[in-house]
Amino acid sequence: MNGTVRDTFKCRKISGGRAEGPVLISKDRVCFYLAEPGSGKIMEKGHDLEGKSIAGKILVMPSGKGSSVVQADGLYKLSKCGNSPKALIVKEADTVLVSTAIILEIPMVFKVEDDFYRKIEDGAIAKLDADNGLITLEGTEGSYRL
Amino acid sequence: MPVRLNRFEEEMLHGKYGEGVSLAMRVLVGIGETFDAERLVDITRAHVSSSSQDADIWFAEKMADLGTTCRVPPTLNPNFDFRYIDDHLFETPEKGKAMITATNEAYKKLGAIPILCCTPYFEQNVPGFGEIVAFSESNATVYVNSVIGARTNRESAQSALCAAITGKVPEYGLLLEENRRGEVLVEVEADIRSDFDFQLLGWCYPLKHDGFEIPVFTGLKEKPSPEALMNFGTQLNTTGVVPMYHIVGVTPEAPTLEAALGGDEVKAKVTITKEDIEKTRAEFYRKPGKIDFAMLGCPHLTLSQVAEISRLLEGKRSMVPIILLTNSLTREMAQRMGYLKVIQRAGGHLIPGTCVDIPSCWAPFQGKTGVTDSPRCAYYNELLNITFNIMPIEKCIGSAVLGEVVE
C-alpha cells in the first residue's frame, strides 16, 4: 500500500457541526431552489453542475444566490427528501445562505486556506469539523480519492 | 471574533426566555460571527417576507409551536386571498389553500401584523432616516435603505423573523456608515422619464454589471415618483442583488456625487445607453397576439396607480380579466373614492393581500399568456410556464380591453 496522506486546512465556522463525504466543486454560485428535491440534481440551465447531484456531497462553491425566500425553501425541500449536501464550503458569505444553513443545521465554513483550493478535486473525501474550523483530506499518495 | 453580548442578550441566548428565543439568538449570533459584527443592536421595526412556501411554513410553525412571540411585531408580505379568487375567478387548488391557512395561523401565533403587503414602506411600516430595522423582501430592503435612508441588511425571511423575535440584529454591513457609500458609478445616457422607464433601467443595470457593490446613478433628467423608485428597486433585485443604491440629487445619502462616494475611489464605471433600454423594451414583447388576462401589482399597486387604472377603464369593458393586486388599505380607499366600482364594472378585480408568486395557488394559470407592467412578475412566473408581455400600465389596460397586445 502506498503511503497514506493526510492534509489539514484551517477555515472559519459559519454553521457548526461535522460531516464527511465526497467533495463536489461548483464554479458557479448555487441557488438551491433550482435543484430537484427528489434527486438532488441541479436543474438550472447552463450551470456548472447542471444535471449533477449535490445529495450527500461536501459542496464547494463561490457563494449562494437567490431571493430572500427561495434559498431556504430549496435547501429545506432537499433536506426533507434526504438529498441536501452534507456540508457547504463557500468563498463569500451572504446573509440569506448563512441564516438558512444555521436553521437547517447544515455545517458551513468559509475563509479556507488557499492551499485547499489548489489540492481539492471532485470525489476527494473530506472531513469537515466546522466547530473547530478544520477540513481534513485523506487518501493515498497522489490522490485524495479513496 | 465572538460577538459581544450584554446580559439580556446572554440570557436570551441561553434559554431564559424559551427555546424559540434561544434559537433566534443562535441564528443572529451566527450571522454576526460570520460578518465580524462586534455587537448586537436594537431594531425598532421589522418586515418578514413570508412566502407561504414549505420552508417558510416549517420555520414559522416551529417558532410558534415553541410558544415564541415577537418583541418587535413584524409586518408580513402578501400571500393569496382565496376567498376573493374563489368567488370571482377560479377555484384555488386545495394544496394552495392549506399552505396559505397554515402560514396565516403560524404568524398569527407569533404576533405578526398581517398587512399582507410587499410595500410596507409607503403606509403601514415606515422607518425614518437612520432608523435600524430588519426588512426582508428585496424590494422593501432596497427602498428603505436607498430612498428613506433607514438601515437594514438584506435579510432572509428567517433572519428577519429572528430579529423580530429578539428585537436585535448583528451590527455589520449596511448598518455601518462606511459600508453605505457608492462604489460603482453609473452614467445613464438613456432618456429615463416614465415610471415604466425605471422598470427598464432597474432591469438593465445588473445585466451590465454583475457584482454586489453599491451603484450611484447619475444623468437622470426627471425626478422619479415614489412608484418609479418602487419599480426601480424591484427590478434591480430581479436581475441582480442590489440592497442599496444612490441617485445623485434624489436619494438622501447622495445630495452630491462626492457625498455618495464619501471620498472613496470608484471601483467600476458603467454606462446605460439608449440602445440598452430600447433593446429591453422590445424584448419585453414576448408573445404578441391574443391574451388571457392582465396582471398588475408586483409590487402592490399604490392608490395613485389605482386611480390611473380607474381613469383608463372609465366607461370601458375589458375582454379578459384584469387582476389588480394591492393591500387592503388601498382597496378600502379606492372604494371610498369611487375607483373600485369603475374598475369592477369594467371587468377588473382589485384584490387585497395577494402576491403574483404563489405557485401553489396560481397553478390554474399555467400555460396562459398575459400582460403585466412588472418584469419581476414575468420572471417569477416563468417557473409556472405563464408567458407575460411587459409594457406600461396604460398599454396593459389597453391590451386587456382589446383582448390582445397593443403595440
Just wondering, is there one or more residues in the stretch B:61-80 that are within 24 Å of A:Val70 (Cα to Cα), away from every other protein chain (no Cβ under 14 Å) and among the basic types (Lys, Arg)? no
Among the residues of the stretch A:54-67, count how many are facing chain B (nearest Cβ under 8 Å) and touching a strand residue (DSSP E or B) at 6+ places or on another chain (Cβ under 9 Å). 1
Among the candidates B:Arg45, B:Arg4, B:Arg26, which residue alone is touching a residue at least 12 places away in the same chain (Cβ under 8 Å), crowded, with 21+ Cβ neighbours inside 10 Å and of a type in the set (Lys, Arg)? B:Arg45
Among (1) in contact with a helix residue (DSSP H, G or I) (Cβ under 6 Å, 6 or more places away or on another chain); (2) more than 25 Å from B:Asn104 (Cβ to Cβ); (3) touching a residue at least 60 places away in the same chain (Cβ under 8 Å), B:Gly403 falls short only on (1)
Output the helices (runs of 4 or more DSSP H) that fall wholly within the stretch B:263-337 and possess 3 or more residues being surrounded by 14 or more Cβ atoms within 10 Å (Cβ to Cβ) and under 21 Å from the mean Cα position of the chain (by Cα), or say none. B:303-313, B:328-336
Does the stretch B:65-104 hold any residues that are charged (D, E, K, R), farther than 29 Å from B:Phe8 by Cβ and in contact (Cβ under 8 Å) with a residue 24 or more places away in the chain, and which are they? B:Asp81, B:Glu91, B:Lys95, B:Lys97
Within the stretch B:51-85, residues assigned to a helix (DSSP H, G or I) and of a type in the set (Phe, Trp, Tyr) come out as B:Trp58, B:Phe59, B:Phe82, B:Tyr84
Members of the stretch B:144-172 found to be within 14 Å of another protein chain (Cβ to nearest Cβ) and either in a loop (DSSP other than H, G, I, E, B) or farther than 30 Å from B:Arg7 by Cβ (or both), listed by number: B:Val144, B:Asn145, B:Thr152, B:Asn153, B:Arg154, B:Glu155, B:Ser156, B:Glu171, B:Tyr172
Of all the residues that make up the stretch A:38-79, how many are modelled with pLDDT of 95 or more and in contact with a Cys (Cβ under 6 Å, 6 or more places away or on another chain)? 1
Test B:Thr92 against the criterion of being of a type outside the set (Asp, Glu), buried (at least 24 other Cβ atoms within 10 Å of the Cβ) and assigned by TED's automatic domain parsing to the domain that holds B:Asp42, and give yes or no. no
Being touching a residue at least 60 places away in the same chain (Cβ under 8 Å) and either on the phi > 0 side of the Ramachandran plot or facing chain A (nearest Cβ under 10 Å) (or both) is the filter here, so list the residues in the stretch B:126-138 that pass it. B:Phe135, B:Ser136, B:Glu137, B:Ser138
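The values are calculated or read from the model by the stated rules, or taken from the named source; none is laboratory data. Since the structure is predicted, the reported quantities are computational estimates derived from the model, not experimental observations. With ideal geometry, Cβ positions are generated from the backbone for all residues, glycine too; neighbour counts draw on all protein chains shown.
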